[in-house]
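Remarks on the structure that follows.
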Amino acid sequence: MMVRMRAVVQRVDGASVVVEGETVGEIEGEGLCVLVGVTHEDTAEEAARLARKLWSIRMLSGERSCSDAGAPLLVISQFTLYGDARKGRRPTWNAAAPGEVAEPLVDEVVAQLRSLGATVATGRFGAQMRVSFTNDGPFTVLLEM
């Protein structure tokens, strides 16, 4: 099976991302915090598919989706989702796409979500980010496109 774009999706009660002391993205109340990893073969079509899934997945209270509840999403690029630590003590990142491939695809996920009507906050690609959230449940799902 070929590994493709993946996302760790967490139901949250508020989330934020801070870069160099500045809050660059924040959602309040019930929503989803989404960490997106991109690999070499991913495409804009997969980014659109992921956006549709994120908008419609029933992870919120009462088995509602973000589209049902008008709930916001915080989307953050996370190349470490493709870390491989099966050998040795240090993960390798060979399966993670380089920035020039990954950044436009993460941007495409965000653009597609917004075109569906979603309120989306983001991190800053390639930055050292501090992500804070309250996981509600806890409820976490791994999606692979």
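Looking at the range 100-122, which of its residues are loosely packed, with under 14 Cβ neighbours inside 10 Å and more than 23 Å from residue 72 (Cα to Cα)?
Matches in the range 100-122: 100 only.
Taking residue 18 as meeting all but one of (1) surrounded by 17 or more Cβ atoms within 10 Å (Cβ to Cβ); (2) in contact (Cβ under 8 Å) with a residue 60 or more places away in the chain; (3) β-branched (Val, Ile, Thr); (4) within 22 Å of residue 142 (Cβ to Cβ), write down the number of the exception.
Checking residue 18 against (1) surrounded by 17 or more Cβ atoms within 10 Å (Cβ to Cβ); (2) in contact (Cβ under 8 Å) with a residue 60 or more places away in the chain; (3) β-branched (Val, Ile, Thr); (4) within 22 Å of residue 142 (Cβ to Cβ), the one that fails is (4).
Determine whether residue 56 is modelled with pLDDT of 95 or more and either surrounded by 14 or more Cβ atoms within 10 Å (Cβ to Cβ) or not hydroxyl-bearing (Ser, Thr, Tyr) (or both).
On the way: modelled with pLDDT of 95 or more: yes; either surrounded by 14 or more Cβ atoms within 10 Å (Cβ to Cβ) or not hydroxyl-bearing (Ser, Thr, Tyr) (or both): no.
For residue 56, the condition - modelled with pLDDT of 95 or more and either surrounded by 14 or more Cβ atoms within 10 Å (Cβ to Cβ) or not hydroxyl-bearing (Ser, Thr, Tyr) (or both) - is not met.
Any residue at all in the range 78-99 that's within 21 Å of residue 14 (Cα to Cα) and of a type in the set (Val, Ile, Thr)?
Step one: list which residues in the range 78-99 are within 21 Å of residue 14 (Cα to Cα), which gives 78.
Within this subset, residues satisfying the condition of being of a type in the set (Val, Ile, Thr) are none.
Within the range 78-99, none of the residues are within 21 Å of residue 14 (Cα to Cα) and of a type in the set (Val, Ile, Thr).
For residue 84, all conditions in the list (1) of a type outside the set (Gly, Ala, Ser); (2) out of contact with any strand residue (DSSP E or B) (no Cβ under 9 Å at 6 or more places or on another chain); (3) surrounded by fewer than 20 Cβ atoms within 10 Å (Cβ to Cβ) hold save one; what is the number of the exception?
(2)
Looking at the structure I just gave you, is residue 141 crowded, with 20+ Cβ neighbours inside 10 Å, at pLDDT 95 or above and touching a strand residue (DSSP E or B) at 6+ places or on another chain (Cβ under 7 Å)?
Working: crowded, with 20+ Cβ neighbours inside 10 Å: no; at pLDDT 95 or above: yes; touching a strand residue (DSSP E or B) at 6+ places or on another chain (Cβ under 7 Å): yes.
Against the criterion (crowded, with 20+ Cβ neighbours inside 10 Å, at pLDDT 95 or above and touching a strand residue (DSSP E or B) at 6+ places or on another chain (Cβ under 7 Å)), residue 141 does not qualify.
For the range 85-105, indicate whether the set of residues that are touching a residue at least 12 places away in the same chain (Cβ under 8 Å) and in contact with a Cys (Cβ under 7 Å, 6 or more places away or on another chain) is non-empty.
There is no residue in the range 85-105 that is touching a residue at least 12 places away in the same chain (Cβ under 8 Å) and in contact with a Cys (Cβ under 7 Å, 6 or more places away or on another chain).
Name the single residue that is farthest from residue 134 (Cα to Cα) among those in the range 29-52 being within 9 Å of the chain's Cα centre (by Cα) and not small (Gly, Ala, Ser). It would help to see each step written out before you state the result.
Initial filter on the range 29-52 (within 9 Å of the chain's Cα centre (by Cα)): 32-37.
From what's left, not small (Gly, Ala, Ser): 32-36.
Working: 32: 10, 33: 10, 34: 13, 35: 15, 36: 18 Å.
The selected residue is 36.
Consider residue 70 against the criteria (1) of a type outside the set (Lys, Arg); (2) within 26 Å of residue 29 (Cα to Cα); (3) in contact with a strand residue (DSSP E or B) (Cβ under 8 Å, 6 or more places away or on another chain): it satisfies all of them except one. Which criterion is unmet?
(3)
For the range 61-75, does any single residue satisfy the condition of being touching a residue at least 60 places away in the same chain (Cβ under 8 Å), surrounded by fewer than 20 Cβ atoms within 10 Å (Cβ to Cβ) and within 16 Å of the chain's Cα centre (by Cα)?
First, pick out the residues of the range 61-75 that are touching a residue at least 60 places away in the same chain (Cβ under 8 Å): 61, 74.
Of the ones still in play, those that are also surrounded by fewer than 20 Cβ atoms within 10 Å (Cβ to Cβ) are 61.
Restricting the remaining residues to those that are within 16 Å of the chain's Cα centre (by Cα) gives none.
Checked against the condition, which is being touching a residue at least 60 places away in the same chain (Cβ under 8 Å), surrounded by fewer than 20 Cβ atoms within 10 Å (Cβ to Cβ) and within 16 Å of the chain's Cα centre (by Cα), the range 61-75 yields no hits at all.
Mind checking which residues of the range 21-39 are surrounded by fewer than 14 Cβ atoms within 10 Å (Cβ to Cβ) and touching a residue at least 12 places away in the same chain (Cβ under 8 Å)? Break it down into steps so the answer makes sense when it comes.
Let us first name the residues in the range 21-39 that are surrounded by fewer than 14 Cβ atoms within 10 Å (Cβ to Cβ), namely 21-23, 28-29.
Scanning the range 21-39 gives 28, 29.
The values are calculated or read from the model by the stated rules, or taken from the named source; none is laboratory data. Keep in mind the model is a prediction, meaning the values are calculated, not measured. All Cβ positions, glycine included, derive from the backbone under ideal geometry; neighbour counts span all protein chains shown.
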